[in-house]
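Q: What follows is a structure written as structure tokens; I'll ask about it next.
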Amino acid sequence: MMEKQFSNFVALSQEAYPIYINSFERRQLKHVNFPKLDKYINQNCLSGLTLEDESEEYLSIEAKLDGINGSLFSRLPTKRLLECVLSTTFEKCCFRMSPSMEGYVNEAKHSYKVINQLSKSGDLDVSIFSGLSGLVLREFDEIDLGDLVVRKVNIHQNHIDTIKYTLEMDGVRTNIMGVVIESKYAAKVHRNPDIDKTVSFEKEFPEALRLDNQNRVNNFALALMITKNIQKPIEVYFSESTFLFKERCCFNIGNDVFNGPKIVLKQDEVEELKYWYNALSVSKSKHIVKPIQDLQSSILKRNDDKYALLDALISWESMFTTKDRGIKETLKDSISKFLE
């Protein structure tokens, strides 16, 4: 029975593929009335994870993130489970620059295994994808940093409007290039008994997850600037989750982004970039992490170089000031002279 359901699920993903391709071209997700769930998924896989109200049955879950004080919630009608899982799976393929039929079917098989083990292990992988403009990868396609994977945007092999619309339009967006960063997290799924609390990912984005993802992206941006010895920040123009069980009604369209000089990263610079990213990411001490975050903010977000330098000096002081006050006093004198 399980093998037959798996074969049906794979066949369904193959049927859905051209529908999603067409949906992206039209910039809207076409709703599909998929057949009954039990033809494709064993209902025992969802055992203990569903709730019912007066009208219908819901998958009502909380996905607790490992190492982060935050959770993702979903209240998804089980009759829409196949539709949401398959569309989110396709979105993930596009973000990973592998939207071919083969790539999609392989990712769909992985999604099936996740669902099949959900009530037993509760293991779930969650990725946050962030689009960065201002960076070009030269001579290679991706960088694996462990908890982050950076991929070159290829608009000719991509159907996500969030990427394609922003990058290929004429006019002010001409020649905008960029990369997509995948930030990877692990989670444990549990039944959420409070059905009124379970809402879509977009409405309940955990602050801890948002800050952690932002910190990873900032670490990458600062490592890039150190590697290239430049002070030209890259810009984030979208962030999207591929939480497998989020309830969705459309694919998102991207926003306008900055179109200016590009940072070109070459293959022989990748190892140095990895070194600096790991160095910035490894420390968990609040006496180091907070000043580094302030330093990143001063460099990456300040438009005025003078104030950016002042913020950077203050952050540097926080890291290295000792009881003898020597560094602190030296910085005060330096700042006073700088302001004269």
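The values are calculated or read from the model by the stated rules, or taken from the named source; none is laboratory data. Keep in mind the model is a prediction, meaning the values are calculated, not measured. Methodologically, a virtual Cβ is constructed for each residue, glycine included, from the backbone with ideal geometry; neighbour enumeration extends over all protein chains shown. Remember, those area values only see protein heavy atoms, side chains included, never the ligands or the DNA or RNA. Shrake-Rupley method; radii C 1.70, N 1.55, O 1.52, S 1.80 Å.
Q: Give me the residue from segment 120-147 that is within 14 Å of the chain's Cα centre (by Cα) and among the acidic types (Asp, Glu) and, out of that set, surrounded by the fewest Cβ atoms within 10 Å (Cβ to Cβ).
A: Here the residue is 125.
Q: Of the numbered conditions (1) assigned to a strand (DSSP E or B); (2) modelled with pLDDT of 90 or more; (3) farther than 30 Å from residue 37 by Cα, residue 127 satisfies every one except a single condition; which is it?
A: Exception for residue 127: condition (3).
Q: Which of the numbered conditions does residue 91 fail, given that it passes all the others? Conditions: (1) touching a strand residue (DSSP E or B) at 6+ places or on another chain (Cβ under 8 Å); (2) open to solvent by 10 Å² or more (accessible area, probe 1.4 Å); (3) over 17 Å from residue 236 (Cβ atoms).
A: All conditions pass for residue 91, except number (2).
Q: If you don't mind, there's one more thing I want to ask. Just to verify a result, which residue in segment 1-33, among those that are open to solvent by less than 40 Å² (accessible area, probe 1.4 Å) and assigned to a loop (DSSP other than H, G, I, E, B), is modelled with the lowest pLDDT?
A: 29
Q: Does residue 60 count as touching a helix residue (DSSP H, G or I) at 6+ places or on another chain (Cβ under 9 Å) and open to solvent by less than 10 Å² (accessible area, probe 1.4 Å)?
A: On the way: touching a helix residue (DSSP H, G or I) at 6+ places or on another chain (Cβ under 9 Å): no; open to solvent by less than 10 Å² (accessible area, probe 1.4 Å): yes.
In short, no.
Q: Which one of 258, 238 is touching a strand residue (DSSP E or B) at 6+ places or on another chain (Cβ under 8 Å), modelled with pLDDT under 75 and of a type in the set (Phe, Trp, Tyr)? Can you show your working first?
A: Values: 238 fails: modelled with pLDDT under 75.
After ruling out the rest, the residue left standing is 258.
Q: Got at least one residue in segment 34-50 being assigned to a strand (DSSP E or B), of a type in the set (Lys, Arg) and open to solvent by 10 Å² or more (accessible area, probe 1.4 Å)? Give the steps one after another, and end with the answer.
A: Keep residues of segment 34-50 that are assigned to a strand (DSSP E or B), which gives 50.
With the extra rule that they be of a type in the set (Lys, Arg), the set shrinks to none.
Within segment 34-50, not a single residue is assigned to a strand (DSSP E or B), of a type in the set (Lys, Arg) and open to solvent by 10 Å² or more (accessible area, probe 1.4 Å).
Q: Considering only residues that are in contact with a Phe, Trp or Tyr (Cβ under 9 Å, 6 or more places away or on another chain) and among the polar types (S, T, N, Q), which ones fall in segment 112-139?
A: 116, 127, 130, 133
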